[in-house]
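Report on one structure; see the data block that follows.
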Amino acid sequence: MFASVKTLLSAIVDYAGLFPPAKLDLPQAIAHYQRYRQFPEAWMLGRFVLPLSQLPALISLLPPEADADPWPLSVILSSDFDRSIAQVNAFTHPSLTIASLEIAPLPPAEIKAIAAQLPPHLECFFEVPMNESLPAYLDVLQPLRAFAKIRTGGITAAAFPSVAQLAQSLLTFARAQVPFKATAGLHHPLPGRHPMTYDPDSPSTFMQGFLNLAIAAALAYTQRVTLEEILQLLQESHVVGMSQADKAAHQPGKHYRHPAGFQMQMNGIAWGDHYLTLEELVASRNHGFRSFGSCSFTEPIADLKALKLLN
């Protein structure tokens, strides 16, 4: 496996099995997450996403073998913020740790009002719109060192943003240097048309690729790409690895170019005239695209294996 792939995708999938289209019950979601933590690809697995209201039930259902390695949680707060924040501050458990909080859409003024109450040691993701009002939200989030959350899909076609909306949002996040996560509609590494639910007669729609999003965000946060290039990046449909000959002849610091698509190399990722080093990929994950919520962990893995990006 390329170090660049592992760096780009480490802990990138926040498991959201409780939510559509999977919409599992809590015991099923717990069983899936516990099983995924044993996968060879568990390095891609991030946090277990659940509403705060289900935290007591999670504690009661937690398997005993979870004790050794605490589960990281991303907890969705209810609208009763005073009570919710008090619960989060008081929470302790040997097998669970709250790593981040997620907050449903609020006006910028309300975000500013509640952000001061949130625990400073937690990553706090505020859901924001991908439209012309986005800069006003980032003006609030940036000084608070809070993070953004964008919705990249759902169970209706209207829930999926256009490529233009996503590209403009990435550029706006990068200029403001505000980290973000995405949720929904990102089961596949490359863009394409896919069913929106698991129903046999589900309608299909165009979905963004999480690989495209991660690479586009990484380049956007280096301030080296234009809006037009981000648009192209998000629509890229080819990815290749280094050839065996290139691997054998690889020299540290040498960048290989490919005429089309993303090229995943040992120590970086190339696209056209752009190259991302491992250090830049680490920085982009720390300060840019943090993760994406997905109700499936197996679909991303299967597609990456089909692209020969995983062993």
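The values are calculated or read from the model by the stated rules, or taken from the named source; none is laboratory data. Everything quoted here is computed from the prediction, not taken from an experiment. Cβ coordinates were reconstructed from backbone atoms using ideal geometry, including for glycine residues, and neighbour counts include every protein chain displayed. Protein only, heavy atoms only, side chains kept; ligands, DNA and RNA dropped before computing areas. Shrake-Rupley method; radii C 1.70, N 1.55, O 1.52, S 1.80 Å.
Can you tell me which residue in the stretch 1-15 is nearest to the chain's Cα centre (by Cα), limited to those that are open to solvent by 10 Å² or more (accessible area, probe 1.4 Å) and of a type in the set (A, V, I, L, M)? The extreme case among them is 11. For the stretch 28-49, taking the residues that are touching a helix residue (DSSP H, G or I) at 6+ places or on another chain (Cβ under 6 Å) and part of a helix (DSSP H, G or I), the one that is surrounded by the fewest Cβ atoms within 10 Å (Cβ to Cβ) is identified as 44.
Only one entry in 12, 30, 103, 76 is touching a Gly at 6+ places or on another chain (Cβ under 8 Å) and modelled with pLDDT of 95 or more, namely 12. Summed over the stretch 50-71, residues that are free of Cβ contacts under 8 Å to residues at least 24 places away in the same chain and in a loop (DSSP other than H, G, I, E, B) total 0. Of note, residue 140 does not satisfy the criterion of being assigned to a loop (DSSP other than H, G, I, E, B) and either open to solvent by less than 20 Å² (accessible area, probe 1.4 Å) or within 30 Å of residue 86 (Cα to Cα) (or both). The residues of the stretch 38-76 that are touching a Pro at 6+ places or on another chain (Cβ under 8 Å) and farther than 20 Å from residue 28 by Cβ, listed by number, are 44, 67, 70. Candidates 218, 245: the one that is over 19 Å from residue 300 (Cα atoms), at pLDDT below 95 and among the small types (Gly, Ala, Ser) is 245.
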